[in-house]
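Undergrad: One structure is given below, represented as structure tokens, and several questions about it will come after.
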């Protein structure tokens, strides 16, 4: 039996990075907060790049609780969208430039989101990873963990429910 | 304005991220706070629709809940969020400012309990609601 020859590594990387970049950099609020994403295969890590405007308590100082909430939610939505679109990106059905412009691409909508604050956010970069507990046809449940210096010392965790985009039913 | 309300207002105005969001504290006192966030293209979550990102609404609600705790007559000083749950009812209408009203409805020596509602110009249909618990800290 003949097996299809694997694509050259650069082709795979270029396609995935371009798609991820389109998904993330097109959103003004993600740029406003200075959030970027590291990718290893299909695994994403959100990075909250520290800036003085993210401070909530200037006397400690500490990262604003609302910034942490937003960082966890952004990581959850991007991870869920990435996982939802991954097959279409890989098959070439979805071009990077169509991700934020195409009429056919819709994003999950947050239904609810809960944040536990475990430690105060130090004035430095933070990292977050989301786990999709269940991705159903209509609803998805996602958990997120965020840390700063040590991965095993979480500074916040969150969980939320999302309404998945419904593919438009073909006319006729 | 009493001392506590003045303290809370100064505290909010000294928060760099509240300034970055353009938050305006329009009412404070007796465990209640109201904050308005003007529409800002930098806070958009979906560039195709111009709808404000839920995260920005969360940040505003967290700030407003904290202000409500600090303004409660039984709160000695500062506070920090223990947990916050946000429910999103609908997208905020693009171009309109969003207003959050938070109430600290119960407070113990250690914990304050808060509820909040966010609306845009259509005040009958909430954009989001929040419920949270906050620490009670000395000044």
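Since every read-out is calculated from the coordinates, none of them should be taken as a lab result. Just so it is clear, the structure is predicted and the values come from calculations on it, not from any experiment. Cβ coordinates were reconstructed from backbone atoms using ideal geometry, including for glycine residues, and neighbour counts include every protein chain displayed.
Undergrad: Are there any helices (runs of 4 or more DSSP H) wholly within the range A:1-93 with 2 or more residues that are out of contact with any helix residue (DSSP H, G or I) (no Cβ under 8 Å at 6 or more places or on another chain) and more than 29 Å from residue B:57 (Cα to Cα), and if so which?
TA: Because the criterion is at least 2 residues that are out of contact with any helix residue (DSSP H, G or I) (no Cβ under 8 Å at 6 or more places or on another chain) and more than 29 Å from residue B:57 (Cα to Cα), the helices (runs of 4 or more DSSP H) in the range A:1-93 that meet it are A:9-25, A:65-91.
Undergrad: Are any of the residues in the range B:58-79 within 10 Å of chain A (Cβ to nearest Cβ), farther than 19 Å from residue B:10 by Cα and surrounded by 15 or more Cβ atoms within 10 Å (Cβ to Cβ)?
TA: Yes, that holds for at least one residue.
Undergrad: Now a separate question. Evaluate the range A:5-17: report whether one residue or more is farther than 29 Å from residue B:134 by Cα, crowded, with 21+ Cβ neighbours inside 10 Å and more than 9 Å from chain B (Cβ to nearest Cβ).
TA: Checking the range A:5-17: not a single residue is farther than 29 Å from residue B:134 by Cα, crowded, with 21+ Cβ neighbours inside 10 Å and more than 9 Å from chain B (Cβ to nearest Cβ).
Undergrad: Any idea which of B:48, B:90, B:101 is in contact (Cβ under 8 Å) with a residue 12 or more places away in the chain and in a loop (DSSP other than H, G, I, E, B)?
TA: Of B:48, B:90, B:101, the one residue that is in contact (Cβ under 8 Å) with a residue 12 or more places away in the chain and in a loop (DSSP other than H, G, I, E, B) is B:90.
Undergrad: Quick one: residue B:85 ticks every box in (1) within 22 Å of residue A:68 (Cα to Cα); (2) out of contact with any strand residue (DSSP E or B) (no Cβ under 7 Å at 6 or more places or on another chain); (3) within 9 Å of another protein chain (Cβ to nearest Cβ) bar one, so which box is it?
TA: For residue B:85, the failing item is (2).
Undergrad: For residue B:102, only one of the following conditions fails: (1) touching a strand residue (DSSP E or B) at 6+ places or on another chain (Cβ under 8 Å); (2) surrounded by fewer than 19 Cβ atoms within 10 Å (Cβ to Cβ); (3) farther than 22 Å from residue A:74 by Cα. What is its number?
TA: (2)
Undergrad: Determine, yes or no, whether residue A:125 is surrounded by fewer than 16 Cβ atoms within 10 Å (Cβ to Cβ), under 19 Å from residue A:37 (Cα atoms) and either more than 9 Å from every other protein chain (Cβ to nearest Cβ) or in contact with a helix residue (DSSP H, G or I) (Cβ under 6 Å, 6 or more places away or on another chain) (or both).
TA: yes
Undergrad: Right, here's the next one. Could you list, in sequence order, the residues of the range B:105-119 that are surrounded by 16 or more Cβ atoms within 10 Å (Cβ to Cβ) and either within 14 Å of another protein chain (Cβ to nearest Cβ) or over 14 Å from the mean Cα position of the chain (by Cα) (or both)?
TA: B:107, B:112, B:114, B:116, B:118
Undergrad: In the range A:21-32, which residue that is crowded, with 21+ Cβ neighbours inside 10 Å and touching a strand residue (DSSP E or B) at 6+ places or on another chain (Cβ under 7 Å) is farthest from the other protein chains (Cβ to nearest Cβ)?
TA: A:24
Undergrad: What is the one condition in (1) over 23 Å from residue A:112 (Cβ atoms); (2) within 11 Å of another protein chain (Cβ to nearest Cβ); (3) crowded, with 17+ Cβ neighbours inside 10 Å that residue B:41 does not satisfy?
TA: (3)
Undergrad: Considering only the range B:116-131, I want to know if a residue exists there that is touching a residue at least 40 places away in the same chain (Cβ under 8 Å), under 20 Å from residue A:119 (Cα atoms) and outside any loop (DSSP other than H, G, I, E, B).
TA: yes
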